[in-house]
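Take a look at the structure below.
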Amino acid sequence: MKEIITPKNNLPVSEIRYIFPFMEGDGKNKHLLGGKGANLCEMTQIGLNVPPGFVISTEACLAYLDNKGTELPFGIMETVKKEMNAVEKSTGKLFGNPDNPLLVSVRSGSAMSMPGMMDTILNLGLNEETLQGLIKQTNNERFGYDAYRRFIQLFGKVALGVPDEKFDKEFEIVKHKAGVKVDIGLNASDLKEISEKFLEVVKEHTGKPFPTNVYDQLEIAIKAVFNSWMGKRAVDYRREFNITPQQANGTAVNVVAMVFGNMGNDSATGVAFTRDPGTGENVFFGEYLVNAQGEDVVAGIRTPKPVLELQIEMPDLYKQLEDLRNKLETHYKEVQDFEFTIEKGILYCLQTRNGKMNATGMVRTSVEMAKELLISKKEALLRIKPDLLEQLLHPRLDSLHKSTPLAQGLPASPGAASGACVFDADRAEFLGRGGEKVILVREETKPEDIHGFFASQGILTSRGGKTSHAAVVARGMGKPCVAGAEGIQVDIKLRQAKIGEKVLHEGDYITIDGGTGFVYQGVIPTVDPTFSDELKTLLSWADEMSQLKVFANADTPETAKKALGYGAMGIGLCRTERMFNDSNRLPIVIEMILANTEVERQKALNKLLPIQRQDFKDILLTMAPRPVTIRLLDPPIHEFLPTKEELIEELEHLHQLKSTTNGVNNLYNSLRLLQAEDALGVSPMPFNNKGLELIDKAIEKKELMLKKVHELYEVNPMLGHRGVRLGITYPEIYKMQIQAILEATAECQKVHIDVRPEIMVPQVCSRLELIKVKEFVDEIQQRLEAENGIKLVFKFGTMIEVVRACVDADELAKEVEFFSFGTNDLTQATFSFSREDAENKFLPLYVEKGILEHNPFEVLDVNGVGKLMRMAVDFGRKTKPDLKIGICGEHGGQPDSIAFCHTLGLNYVSCSAPRVPVARLAAAHANLIERKQ
Ligand code: PEP
Ligand code: MG
């Protein structure tokens, strides 16, 4: 071997340390020792009984690869031998010795785990002689030959490049001869025959006999591990996931003494969690098998016993195992998932890692570990990803179900629900009121479908994305929604939906999973959400450690109550239009829209006023003394009318009905001529003159509505006559709403109930718009204060959702006490992407191709929308340093976006009620992580 210089550090190889016994390696240096190697070192050094071994570093790998991947760095095998001697000493076994053989495992391990790296080689050190020693020690010939044939195949495949098929072919021949279908049916002599055949396969393929010298085996295996770093799959993986040399450079080799749990009844093997990973309860949780190897536990050949039974079978060892459990948690300060083996009465810990747990387990362990002072409250919060809490807040599908989905759309609002398909909101309401569980299936939903939402268990649409109307409303109500399931064709007339060849009729049961976007036929059982005491405790700690307050978007007293239950500290957005859509109110709203004069309009508004006042009063009382931000009417008013196509169709039906009624009248007249008047009895409704009158009235109304729809038609309604523009053109609408809010406020404040309304104006782009609306507010306020003899306490503010509002925020701030970012519209306006269209058409491809990192309607676009927000915050607070600023777009419930809002110095985030717990934890994370940096 020639001495080489590594380009990395210019040191002669002889001066670089490449090999680290577990007692000496730096447990924190994954870059040098790989994840597994560092972990083994750490475990050894904290006093766990890990089988002895050593790590050959990633630097050795790089030096080997620099050297064309042929020669190991100078002198390395001498050091390996020295370390093997140390392992021999501590195990009392000898490498290559036929009486008491030491066997080792050889594993790859880089700083990041990646597929394509070399598989583990177990039982290295076996040859014809040492095999006999192993058989004698385990007193199990079958086990010996089984281990041997596995070793030959694995070594042959991974270290010598022999294709698996060649081994498989021989294996099948012996199985066939023995008349067995599965491996466990083979006896010792079958396995012996297989081992012999495998040795021949290797010789035939490599042209050389299988290496019997144990050090040759070890050297070949080490080189194979190093070479696997440059294997095609590993290289492709690193390229695909942009794994840089700073993250992982080269692989280490772990050489570890084998220990056997099948050396008699004083041996065993098992896997355990330091706490129950399902419930999080602080109980020892695991399974073991006496006289067995690890594989038996996993393969299910024998049924393992609960770990607590070891207390009876091997009391001393159980005590040691309990000790191990405590040591692991004390050191790692995290629930551990570990593997152990007992070989002839000695307990070894083979591996440990952080236990993967569901949300219930994570929450309970966080709270209990903090109460046990094992971790701090901060750590308890930070170890849980906020999104994980979502699992706890909605019903979810029973994980045991085996159904195949019929279709898939976008997971638009989490939770799962089953119900009968219905294809329009009225039917949904009708059936829902009758106690039927229904799923509203629509091409897409509109504001006037709202009563159908209330009556349904969940919503399924074939168009629209995660911020479509259906998605936003469903999230607001905490109902599951699958949106944009494009494989579904909804036919309202036939009351059916087609999915490929399958036809779903009204009344057929389906199940939707808004967490995955899957749609299933039939009813799949669901599991109810749990808001446990531990979750309450955890979230109260989160609130203590956050700067951002968390409000909810809620439009009705019911959702407000729900939001309170989730811990909302106020309402950040009450969309008043949702109140208009109730089926009792819509006719009045339509009357208002159809009005041709201000006087007519005012008549309709006068009917709406008491209804709105009661709504606001209920919400304000529910939330008192928390703030309730009420947004004045936002959507274009034609949204409350049916579409042109619907009206044309309805009119067609009415005209047909009129002509049928005329026909029936003719028939009655004819009967009179035939003197057979009694044949049909009295003509029923609507086939009589009264009916004709009604039909004419209906036609007249629908024609009026159609005319209005034509009048109100807009090419781009979302950029059209909506928001404050409506308030300026129809001041009486805004005045009615302002009056309703302030009258509700007066009623409460007169009796000393501390309600905190905040009036919010949508779609504002200029200070003058605010001045105009403020005039309405001032006038009504003065009148009510005089009438009631009190000073009304409330705030006046604006949404910031158009680009000009951000740029002109210093001017807007002069008129208001708060800003609330409407990032749904602001994102749309910043990108010039229509949110309704983008999510289903090009956004997925943009994300897939990396043109955008995320869907900006889900995760706030910090570089674009975020800069505008920063500008608005800076400008706004330049004018009014104590300006209250929040966010009420969908991003207000998304953890990364919440972190950004924290850095902007916002006062609150507001999101749909069921997202509130996630947002509370995310708000704490944002503050704690910032403080850490
Ligand atoms: C927004 O634009 O972010 C917002 C909250 O308003 P809406 O979604 O109702 O348009
Ligand atoms: Mg908006």
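Condition check: out of contact with any helix residue (DSSP H, G or I) (no Cβ under 8 Å at 6 or more places or on another chain) and either without any contact (Cβ under 8 Å) to a residue 24 or more places away in the chain or open to solvent by 10 Å² or more (accessible area, probe 1.4 Å) (or both). Does S546 satisfy that? Answer is no for this residue. Among residues of segment 884-911 that are under 16 Å from A872 (Cβ atoms) and open to solvent by less than 10 Å² (accessible area, probe 1.4 Å), those with a Cβ under 7 angstrom from a residue that is of a type in the set (K, R) and more than 16 Å from ligand 2 (Cβ to nearest atom), sequence gap 6+ or separate chain, pair up as Y908/K549.
Tell me, please, whether a residue that is in a loop (DSSP other than H, G, I, E, B) and either within 15 Å of E339 (Cβ to Cβ) or open to solvent by 60 Å² or more (accessible area, probe 1.4 Å) (or both) can be found in segment 307-327. No, every residue in segment 307-327 fails to be in a loop (DSSP other than H, G, I, E, B) and either within 15 Å of E339 (Cβ to Cβ) or open to solvent by 60 Å² or more (accessible area, probe 1.4 Å) (or both).
Just so you know, in segment 63-100 the residues that are out of contact with any helix residue (DSSP H, G or I) (no Cβ under 9 Å at 6 or more places or on another chain) and of a type in the set (A, V, I, L, M) include one that is surrounded by the fewest Cβ atoms within 10 Å (Cβ to Cβ), and it is A86. The single condition among (1) more than 30 Å from N249 (Cβ to Cβ); (2) among the acidic types (D, E); (3) in a loop (DSSP other than H, G, I, E, B) that E165 does not meet is (3). Of all residues in segment 851-872, exactly one satisfies the criterion of being more than 16 Å from ligand 2 (Cβ to nearest atom), open to solvent by less than 30 Å² (accessible area, probe 1.4 Å) and in contact (Cβ under 8 Å) with a residue 60 or more places away in the chain, namely N855. Determine whether E598 is more than 16 Å from ligand 2 (Cβ to nearest atom) and either under 23 Å from M760 (Cα atoms) or surrounded by fewer than 17 Cβ atoms within 10 Å (Cβ to Cβ) (or both). It is true that E598 is more than 16 Å from ligand 2 (Cβ to nearest atom) and either under 23 Å from M760 (Cα atoms) or surrounded by fewer than 17 Cβ atoms within 10 Å (Cβ to Cβ) (or both). Pairing residues of segment 604-620 that are in contact (Cβ under 8 Å) with a residue 60 or more places away in the chain with residues that are aromatic (F, W, Y), at Cβ distances under 8 Å and at least 6 apart in sequence or on separate chains, gives L608/F580.
Do you know which of the residues in segment 10-45 that are part of a loop (DSSP other than H, G, I, E, B), aliphatic (A, V, I, L, M) and at pLDDT below 95 is surrounded by the fewest Cβ atoms within 10 Å (Cβ to Cβ)? Here the answer is L11.
The requirement of being under 21 Å from G419 (Cβ atoms) and not aliphatic (A, V, I, L, M) is satisfied by Q489. Within segment 652-683, the residues that satisfy the criterion of being open to solvent by 80 Å² or more (accessible area, probe 1.4 Å) and either in contact with a strand residue (DSSP E or B) (Cβ under 9 Å, 6 or more places away or on another chain) or not in a helix (DSSP H, G or I) (or both) are L674, Q675, L680, V682. The residues in segment 275-288 that are open to solvent by less than 10 Å² (accessible area, probe 1.4 Å) and closer than 12 Å to F340 by Cβ can be counted, and the count is 1. Quick one: would you say T251 is of a type in the set (S, T, N, Q) and under 30 Å from S366 (Cα atoms)? No.
Applying the selection to segment 638-658, what residues are away from ligand 2 (no atom under 16 Å from the Cβ), in contact (Cβ under 8 Å) with a residue 40 or more places away in the chain and not polar (S, T, N, Q)?
Let us first name the residues in segment 638-658 that are away from ligand 2 (no atom under 16 Å from the Cβ), namely 638, 640-658.
Then drop every residue that is not in contact (Cβ under 8 Å) with a residue 40 or more places away in the chain, which leaves 638, 640-644, 647-648, 650-651, 654-655, 658.
Once the filter is applied, which keeps residues that are away from ligand 2 (no atom under 16 Å from the Cβ), in contact (Cβ under 8 Å) with a residue 40 or more places away in the chain and not polar (S, T, N, Q), segment 638-658 yields H638, F640, L641, P642, K644, L647, I648, E650, L651, L654, H655, K658.
Return yes or no: is N282 under 33 Å from the mean Cα position of the chain (by Cα) and on the phi > 0 side of the Ramachandran plot? So N282 does not fit the description; no.
The rows are residues; the columns are (1) among the basic types (K, R); (2) open to solvent by less than 30 Å² (accessible area, probe 1.4 Å).
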| position | (1), (2) |
| --- | --- |
| D696 | no, no |
| E711 | no, no |
| H721 | no, no |
| R725 | yes, no |
| K735 | yes, no |
| A744 | no, yes |
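The helices (runs of 4 or more DSSP H) found wholly in segment 774-840 and carrying at least 3 residues that are surrounded by fewer than 23 Cβ atoms within 10 Å (Cβ to Cβ) occupy 803-807, 823-831, 835-838. Restricting segment 794-819 to residues that are more than 16 Å from ligand 2 (Cβ to nearest atom) and among the β-branched types (V, I, T), the residue that is farthest from I630 (Cα to Cα) is V807.
Applying the criterion of being surrounded by fewer than 17 Cβ atoms within 10 Å (Cβ to Cβ) and among the acidic types (D, E) to the residues of segment 551-590, the residue that is nearest to G476 (Cα to Cα) is E558.
Filtering segment 830-850 to residues that are farther than 18 Å from S897 by Cα, in contact (Cβ under 8 Å) with a residue 12 or more places away in the chain and of a type outside the set (D, E, K, R) leaves F833, S834, A838, N840, L843. May I ask you to verify whether L388 is touching a helix residue (DSSP H, G or I) at 6+ places or on another chain (Cβ under 7 Å), at negative phi and surrounded by 20 or more Cβ atoms within 10 Å (Cβ to Cβ)? So L388 does not fit the description; no.
Scan segment 429-445 and tell me whether some residue there is surrounded by fewer than 20 Cβ atoms within 10 Å (Cβ to Cβ), in contact with a His (Cβ under 9 Å, 6 or more places away or on another chain) and in a loop (DSSP other than H, G, I, E, B). Yes, segment 429-445 has at least one match.
Every condition in (1) hydroxyl-bearing (S, T, Y); (2) within 16 Å of ligand 2 (Cβ to nearest atom); (3) under 24 Å from the mean Cα position of the chain (by Cα) holds for Y846 except the one numbered (2). Output yes when any residue across segment 152-165 is open to solvent by less than 60 Å² (accessible area, probe 1.4 Å), in contact with a Gly (Cβ under 7 Å, 6 or more places away or on another chain) and farther than 30 Å from D266 by Cα, and no when none is. The answer is yes; a qualifying residue exists. For segment 61-92, a residue qualifies if it is of a type in the set (F, W, Y) and part of a helix (DSSP H, G or I), and exactly one does: Y64. Can you find a residue that is part of a helix (DSSP H, G or I), open to solvent by 10 Å² or more (accessible area, probe 1.4 Å) and not β-branched (V, I, T) anywhere in segment 245-265? No, segment 245-265 contains no residue that is part of a helix (DSSP H, G or I), open to solvent by 10 Å² or more (accessible area, probe 1.4 Å) and not β-branched (V, I, T). Just one of the listed residues (T303, T330) is of a type in the set (S, T, Y), over 22 Å from E368 (Cα atoms) and either at pLDDT below 90 or under 34 Å from the mean Cα position of the chain (by Cα) (or both), namely T303. Within segment 394-419, no residue that is within 25 Å of F857 (Cβ to Cβ) and of a type in the set (D, E) sits with its Cβ atom under 8 Å from a residue that is in a loop (DSSP other than H, G, I, E, B) and open to solvent by 40 Å² or more (accessible area, probe 1.4 Å) at 6+ positions apart or across chains. Counting only residues that are closer than 24 Å to R433 by Cα, assigned to a loop (DSSP other than H, G, I, E, B) and among the small types (G, A, S), segment 457-493 holds 1 of them.
The values are calculated or read from the model by the stated rules, or taken from the named source; none is laboratory data. Keep in mind that what you see is a predicted model, and the values were worked out from it rather than measured. So basically every Cβ, Gly included, is an ideal-geometry build from the backbone, and we count neighbours across all protein chains shown. To get the accessible areas, we keep the full protein, side chains included, count just its heavy atoms, and leave off ligands, DNA and RNA. Shrake-Rupley method; radii C 1.70, N 1.55, O 1.52, S 1.80 Å.
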